[in-house]
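**Student:** The structure under discussion is supplied below as structure tokens; questions concerning it will follow.
The values are calculated or read from the model by the stated rules, or taken from the named source; none is laboratory data. Computed from a prediction, not measured in an experiment: that's the story for all the values here. All Cβ positions, even for glycine, are placed from backbone atoms using ideal geometry, and neighbour counts span all protein chains on display. Heavy atoms of the whole protein, side chains included, go into the accessibility calculation; ligands, DNA and RNA do not. Shrake-Rupley method; radii C 1.70, N 1.55, O 1.52, S 1.80 Å.
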Amino acid sequence: MMLNIILLYFFFFFFQAEDGIRDAQESRGLGDVYKRQVENLVRAVAPELYPKRINCVSPGTVSTAMQGPDSPEKDARLLAATAANVIPRPGHPDEVAAACMFVIQNEFVTGTTVDVDGGWLSSI
């Protein structure tokens, strides 16, 4: 198996969980510029890195311990954040992990972003 690089892009720096790399909303400053440039970087360096591969996995709203302990308030907040998604629920960490495994195992995938967002990108 060839070596490959995955940029798993979580939104730690006070970005809203539903802000994807290809966010169609108006810019919110340097954070949006950075997120868009991650995807541009992946596309631009893929030909340079061949035979190594580089991909980006961009999760949407995912229910994790980062968002606080399990509670009815957390569940309500996550359901409200994903209500307009094609799949109206938050994702699970194992679903993001499956996307990472996909880009690792499929040797024909390079220079792309895999959105694991429950259809959020399709619903905007």
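**Student:** May I ask you to say which residue of Thr82, Thr113 is polar (S, T, N, Q) and within 11 Å of the chain's Cα centre (by Cα)?
**Tutor:** Selected residue: Thr113, the only one of Thr82, Thr113 that is polar (S, T, N, Q) and within 11 Å of the chain's Cα centre (by Cα).
**Student:** Under 8 Å between Cβ atoms, at least 6 apart or on separate chains: pull out the pairs that start in the stretch 62-76 with a residue that is of a type outside the set (A, V, I, L, M) and end on any residue that is at pLDDT below 90.
**Tutor:** Partner pairs satisfying both residue conditions: Gln67/Ala17; Lys74/Gln67; Lys74/Gly68.
Residue by residue, here is whether (1) out of contact with any strand residue (DSSP E or B) (no Cβ under 6 Å at 6 or more places or on another chain); (2) under 29 Å from Ala46 (Cβ atoms) holds:
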position	(1), (2)
Arg77	yes, no
Ala80	yes, no
Asn85	yes, yes
His92	yes, yes
Val103	no, yes
Leu121	no, yes
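**Student:** I need every pair where a residue in the stretch 22-48 that is more than 16 Å from Val114 (Cα to Cα) has its Cβ under 9 Å from the Cβ of a residue that is at pLDDT 80 or above and hydroxyl-bearing (Ser, Thr, Tyr), sequence separation at least 6 or different chains.
**Tutor:** These pairs meet every condition: Pro47/Thr110.
**Student:** Determine whether Val109 is open to solvent by less than 70 Å² (accessible area, probe 1.4 Å), out of contact with any Ser or Thr (no Cβ under 6 Å at 6 or more places or on another chain) and either modelled with pLDDT under 85 or not in a loop (DSSP other than H, G, I, E, B) (or both).
**Tutor:** no
**Student:** Being more than 17 Å from Ser122 (Cα to Cα) and among the β-branched types (Val, Ile, Thr) is the filter here, so list the residues in the stretch 63-94 that pass it.
**Tutor:** Listed by number, the list holds a single entry, Thr64.
**Student:** Show the residue pairs meeting these rules: Cβ distance below 8 Å; 6+ apart or different chains; first residue within the stretch 85-103 and more than 12 Å from Val114 (Cα to Cα); second residue acidic (Asp, Glu).
**Tutor:** Going by the 8 Å Cβ cut-off, the qualifying pairs are Asn85/Asp117; Gly91/Asp117.
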